[in-house]
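*Asks:* Sharing a structure, written as structure tokens. Questions coming.
The values are calculated or read from the model by the stated rules, or taken from the named source; none is laboratory data. Predicted model only: the values in this text are computed from it and were never measured. Backbone-built Cβ (ideal geometry, glycine too); neighbour counts: all protein chains shown.
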Number of protein chains: 2
Amino acid sequence: MRIYDLIFKKREGQPLNQEEIAFFVNSFTKGEIPDYQASAFLMAAFIRGLNGKETSLLTQAMCESGTKLNLSGIPGIKVDKHSTGGVGDGISLVVAPLVAACGVLVPMISGRGLAHTGGTLDKLESIPGFRTNLTQAEFLSQMERIGVAMIGQTSEIAPADKKIYALRDVTATVDSIPLIAASILSKKLAEGCDALVLDVKTGCGAFMREKKDAVRLAQVMADICKRSRKKVVVLVTRMEEPLGNAIGNGLEVWQAIEILRGEEKRGTESFIELTDVLGGWMLFFGGKVRNSKEGRAKISEVRKSGAGLKKFEEIVRSQGGDPEVIQDPKKFFFRAPIVKEVTSPWKGSVSFINARSVGVAALLLGAGRENQDSVLDPSAGILLAKKLGDRVERGEPIAQFFYSPGARFDEAEKVFLAGVKVGKLRPKPHPLIHQVIR
Amino acid sequence: MRIYDLIFKKREGQPLNQEEIAFFVNSFTKGEIPDYQASAFLMAAFIRGLNGKETSLLTQAMCESGTKLNLSGIPGIKVDKHSTGGVGDGISLVVAPLVAACGVLVPMISGRGLAHTGGTLDKLESIPGFRTNLTQAEFLSQMERIGVAMIGQTSEIAPADKKIYALRDVTATVDSIPLIAASILSKKLAEGCDALVLDVKTGCGAFMREKKDAVRLAQVMADICKRSRKKVVVLVTRMEEPLGNAIGNGLEVWQAIEILRGEEKRGTESFIELTDVLGGWMLFFGGKVRNSKEGRAKISEVRKSGAGLKKFEEIVRSQGGDPEVIQDPKKFFFRAPIVKEVTSPWKGSVSFINARSVGVAALLLGAGRENQDSVLDPSAGILLAKKLGDRVERGEPIAQFFYSPGARFDEAEKVFLAGVKVGKLRPKPHPLIHQVIR
């Protein structure tokens, strides 16, 4: 088999078979296909597309390129949750302990922040001492003991994805739905879980700005999971304003702890709704309830009971974090040297808060990475004082900015305010969940 | 300007402007764009296409990437001819001296054989001592003295084309009409001639098998020339059976000398027709006749007069070749150690001779290159004894194979015979010239 012939075939829009896709993935991962041929192949695949079978085969081949976690020794149904990335989307921090508290196994492998969006690993690492790089033995042992673990992807998991993504990143072939789906799921399928609950974000703060693209991605991901015999549900959800009030790594952990304590503050309604719905599906797949609606009610109940917080504390302890964060989160997560209020130049009702602008502003304050060498400031971020529909007076604070000397406050404020709209009328409420795809 | 943005733009099918195309060509030639980005760009250009303006800009930028010959010091109109490559297409060897004998300047830069097709340089180099690698000074001096020179492309001419072609060759992006047109014409425009007569071959022996592709290529090339203010005519011509009787480097020079001597043997009718027509256009552009038809008659007259042979002898002498080849070509070009007849297993009328099969058979005998390291045998090749429409008896010779020990005769014979069809009825005559595009 020659890569030339595969490039030719894909260029002509012909579908590739299992042997051909496996040849590309394996040979490229082993370094036997030069980058210039792989990039021509990826561009052809980008433009001509991959059908459902090809996308599934690509996902499988990328998954098989590395080690897979074997959780079969641990009795019970394993369920994971994944989001395509949003702003202020710290739901994993809350839903994983809640679902685990209900007795469903949650082996969660997360990623880091990308562009203007946050990443679960970065958030967890703002807890002093918290280790996301558990060894496989530590991971399995923790799963057995407390039924949940939250770690990062190791280099042994789907190495093909890492190599292919790096090439896509510099050759304008990232935003292809089949390639995105294969990249996400090649890692998720390597986790060895039985069911997946996927949250595909859409809107100005998401990578998929257009709903139709998000729905298509959701369909493709659902299809891959079904072809791999995994139970799956994909929710297409709104990412126009940030989910909760907190944006920034430490601030989001603080907010997660508050919510796990059962608090329901103004501004966190969408965060809580999505937590309950996603968790409800996880409980359903885990066999703990008869349907997702019952699951949602159960998650809500457990959230208010504080049982999730207890489970979160177990995770923190088990992964080397300081358990004192549970009792006094403000002490740990509100320690940015500078806190400055951003006030409204307008009077009226908040009619729009652009999540992407807020994400970029938080990044400029130090909460995200501008490039691969950027160092995160775990204390940096934004706390929103106003959310969509809130009344605001001229000069009244809309948000608090947390940062350290050297951060670009002025630029952040400008970007932030450019994303806020204040009008005369209260905006119409929008649905949080656009579509549920199974 | 970033190559990433250009890849993105072309991926989305958007046209690129002059600065963008020049940036790609110049930065890639200088080694400032890595191959993996260039190949992604070329694949996007391949699939999305380039419009007329983009193709012309690409050609110009590739042309400008190196030195251009300056023939402005030599008074007179300079006209060149180029063919996209066929089997037994030694017309350049004949038409260049004929046109030069009529007083039109012919600065001809040719290429080598590619795949199953022959190349003018390889043919000329079968003349003992003949140098195709003249220095620029030698080239100009010869143009002044005898009005014609036949040389190879130097590394200084259109280096961008060489680099881009090498990458296209391994990334399945060769057969794109705009990229082919830009590649051919970037070199031709660097020659500094005033007019071009182009012969685009189509049929089983051509790179463009389909007539519609050949016509499209012809239109694109004509458009580029016009945008570059060069006079141009493009003939789309039939390449189903080999043009003359000879296929192979030395054998084709022998046949060219015979034709320049005024001979018109059975089997060379198409060769001679095309020579006269192409030469007629060259004379027209050179201002020697009122139209191409008059030019055709003039070429025919000069061909029969032997004046072209005299000019060919001048070329041979001037470029270091042994002038004795003119007097006794058989002595020089019929010296393959083995000559074997291939006989017909059938009786009837020859209804098809597949030029590609004949080209591949000649290659297997040593007349072409299987890979970059292959060494040509200048004496190897095929002389056809039968052509389309000829009667043949069972056991009667169809061709003579010329080769050296070690050549793959058996395989060559098999390939050759697989391309020959003998039927009951004489085939209908087909037009040689499909279309004339200006």
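*Asks:* Hey, any hits in the range A:394-402 for a residue that's modelled with pLDDT under 95, crowded, with 18+ Cβ neighbours inside 10 Å and farther than 30 Å from A:ALA222 by Cα?
*Replies:* no
*Asks:* Moving on. Might you check whether a residue that is touching a strand residue (DSSP E or B) at 6+ places or on another chain (Cβ under 7 Å), free of Cβ contacts under 8 Å to residues at least 60 places away in the same chain and under 19 Å from B:SER270 (Cα atoms) occurs anywhere in the range B:395-416?
*Replies:* Looking for residues that are touching a strand residue (DSSP E or B) at 6+ places or on another chain (Cβ under 7 Å), free of Cβ contacts under 8 Å to residues at least 60 places away in the same chain and under 19 Å from B:SER270 (Cα atoms), one finds at least one in the range B:395-416, hence yes.
*Asks:* Sticking with this one: Check B:LEU134, B:LEU124 and return the single one that is over 17 Å from the mean Cα position of the chain (by Cα) and among the hydrophobic types (A, V, I, L, M, F, W, C).
*Replies:* Exactly one of B:LEU134, B:LEU124 is over 17 Å from the mean Cα position of the chain (by Cα) and among the hydrophobic types (A, V, I, L, M, F, W, C), namely B:LEU134.
*Asks:* Go through the range B:347-359 and report how many residues are among the aromatic types (Phe, Trp, Tyr) and either at pLDDT 95 or above or under 21 Å from the mean Cα position of the chain (by Cα) (or both).
*Replies:* So the answer is 0.
*Asks:* Does B:ILE259 satisfy the condition of being of a type outside the set (Ser, Thr, Tyr), assigned to a helix (DSSP H, G or I), modelled with pLDDT of 95 or more and within 17 Å of B:THR120 (Cβ to Cβ)?
*Replies:* yes
*Asks:* Can you tell me which residue among A:GLU301, A:GLU258, A:GLU264 is touching a residue at least 24 places away in the same chain (Cβ under 8 Å), in the same structural domain as A:VAL325 (by TED's automatic domain parsing) and not small (Gly, Ala, Ser)?
*Replies:* Only one candidate qualifies: A:GLU258.
*Asks:* Being β-branched (Val, Ile, Thr) and in a helix (DSSP H, G or I): is that true of A:VAL289 here?
*Replies:* So A:VAL289 does not fit the description; no.
Let's see how each residue does on (1) outside the structural domain of A:PRO128 (by TED's automatic domain parsing); (2) in contact with a Leu (Cβ under 8 Å, 6 or more places away or on another chain); (3) charged (D, E, K, R):
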{"site": "A:GLU313", "(1), (2), (3)": "no, no, yes"}
{"site": "A:PRO323", "(1), (2), (3)": "no, no, no"}
{"site": "A:TRP346", "(1), (2), (3)": "yes, no, no"}
{"site": "A:GLY368", "(1), (2), (3)": "yes, yes, no"}
{"site": "A:GLY381", "(1), (2), (3)": "yes, yes, no"}
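*Asks:* Going by what's in this entry, would A:ILE127 be described as part of a loop (DSSP other than H, G, I, E, B) and in contact (Cβ under 8 Å) with a residue 24 or more places away in the chain?
*Replies:* yes
*Asks:* Provide a single number: the residues in the range B:134-170 that are crowded, with 19+ Cβ neighbours inside 10 Å, over 30 Å from B:GLY308 (Cα atoms) and either within 14 Å of another protein chain (Cβ to nearest Cβ) or in contact with a strand residue (DSSP E or B) (Cβ under 6 Å, 6 or more places away or on another chain) (or both).
*Replies:* 4
*Asks:* If you don't mind, another one. Scan the range A:370-387 residue by residue and report those that are at pLDDT 95 or above and among the β-branched types (Val, Ile, Thr).
*Replies:* Result: A:ILE382, single match.
*Asks:* Among the candidates B:THR173, B:THR202, single out the residue that is in contact with a Lys or Arg (Cβ under 8 Å, 6 or more places away or on another chain), in contact (Cβ under 8 Å) with a residue 12 or more places away in the chain, farther than 24 Å from B:ASN70 by Cβ and within 14 Å of chain A (Cβ to nearest Cβ).
*Replies:* Result: B:THR173 is the single residue among B:THR173, B:THR202 that is in contact with a Lys or Arg (Cβ under 8 Å, 6 or more places away or on another chain), in contact (Cβ under 8 Å) with a residue 12 or more places away in the chain, farther than 24 Å from B:ASN70 by Cβ and within 14 Å of chain A (Cβ to nearest Cβ).
*Asks:* A follow-up question, please. Can you name every residue in the range B:341-358 that is surrounded by fewer than 20 Cβ atoms within 10 Å (Cβ to Cβ), charged (D, E, K, R) and within 29 Å of B:GLY85 (Cβ to Cβ)?
*Replies:* B:GLU341
*Asks:* In the range B:244-256, what residues are assigned to a helix (DSSP H, G or I) and not hydrophobic (A, V, I, L, M, F, W, C)?
*Replies:* B:ASN249, B:GLY250, B:GLU252, B:GLN255
*Asks:* Same structure, new question: Starting from residues that are modelled with pLDDT under 95 and assigned to a loop (DSSP other than H, G, I, E, B), keep the ones in the range B:91-117 and report whichever is surrounded by the most Cβ atoms within 10 Å (Cβ to Cβ).
*Replies:* Restricting to residues being modelled with pLDDT under 95 and assigned to a loop (DSSP other than H, G, I, E, B), the top hit is B:THR117.
*Asks:* I'm trying to understand the selection: among the residues of the range A:189-218, which are closer than 22 Å to A:THR173 by Cβ, in contact with a strand residue (DSSP E or B) (Cβ under 6 Å, 6 or more places away or on another chain) and outside any strand (DSSP E or B)?
*Replies:* A:ALA214, A:VAL215, A:LEU217, A:ALA218
*Asks:* Have a look at A:ILE224, A:ILE180 and point out the one that is of a type in the set (A, V, I, L, M, F, W, C), away from chain B (no Cβ under 14 Å), closer than 21 Å to A:LEU42 by Cα and surrounded by fewer than 23 Cβ atoms within 10 Å (Cβ to Cβ).
*Replies:* After applying the criteria, what remains is A:ILE180.
*Asks:* Looking at the range A:192-231 only, could you name the residues that are in contact with a Gly (Cβ under 8 Å, 6 or more places away or on another chain) and small (Gly, Ala, Ser)?
*Replies:* The answer is A:ALA195, A:GLY205, A:ALA206.
*Asks:* Before we move on, is B:ASP122 in a helix (DSSP H, G or I), in contact (Cβ under 8 Å) with a residue 12 or more places away in the chain, buried (at least 22 other Cβ atoms within 10 Å of the Cβ) and away from every other protein chain (no Cβ under 14 Å)?
*Replies:* Yes; evaluated as a whole, the condition is true for this residue.
*Asks:* Under 6 Å between Cβ atoms, at least 6 apart or on separate chains: pull out the pairs that start in the range A:26-44 with a residue that is within 12 Å of another protein chain (Cβ to nearest Cβ) and touching a residue at least 12 places away in the same chain (Cβ under 8 Å) and end on any residue that is in a loop (DSSP other than H, G, I, E, B) and among the polar types (S, T, N, Q).
*Replies:* Once the first residue is within 12 Å of another protein chain (Cβ to nearest Cβ) and touching a residue at least 12 places away in the same chain (Cβ under 8 Å) and sits in the range A:26-44, its partners that are in a loop (DSSP other than H, G, I, E, B) and among the polar types (S, T, N, Q) give A:GLN37/B:THR171; A:SER39/A:THR171; A:ALA40/B:THR171; A:LEU42/A:THR173; A:MET43/A:THR173.
*Asks:* Give me a count of the residues in the range A:39-82 that are closer than 24 Å to A:VAL215 by Cβ, surrounded by 24 or more Cβ atoms within 10 Å (Cβ to Cβ) and of a type in the set (Gly, Ala, Ser).
*Replies:* So the answer is 2.
*Asks:* Right, here's the next one. Tell me, please, whether a residue that is away from chain A (no Cβ under 13 Å), touching a strand residue (DSSP E or B) at 6+ places or on another chain (Cβ under 6 Å) and under 30 Å from B:MET239 (Cβ atoms) can be found in the range B:65-76.
*Replies:* no
*Asks:* All but one of (1) within 14 Å of chain A (Cβ to nearest Cβ); (2) of a type in the set (Ser, Thr, Tyr); (3) closer than 30 Å to B:VAL236 by Cα hold for B:THR59; state the number of the condition that does not hold.
*Replies:* That leaves (1) as the condition not met.
*Asks:* List the residue pairs whose Cβ atoms are under 7 Å apart, where the first residue sits in the range A:4-16 and is facing chain B (nearest Cβ under 8 Å), the second is not in a helix (DSSP H, G or I), and the two are 6 or more positions apart or on different chains.
*Replies:* What qualifies is A:TYR4/B:ALA172; A:ILE7/B:THR171; A:ILE7/B:ALA172; A:PHE8/B:ALA172; A:ARG11/B:ALA172.
*Asks:* From B:LYS30, B:LYS10, which residue is basic (Lys, Arg) and either within 20 Å of A:PHE28 (Cβ to Cβ) or crowded, with 20+ Cβ neighbours inside 10 Å (or both)?
*Replies:* Checking each option against the conditions leaves just B:LYS10.
*Asks:* Any chance the range A:70-86 includes a residue that's assigned to a helix (DSSP H, G or I) and either free of Cβ contacts under 8 Å to residues at least 24 places away in the same chain or assigned by TED's automatic domain parsing to the domain that holds A:PHE207 (or both)?
*Replies:* no
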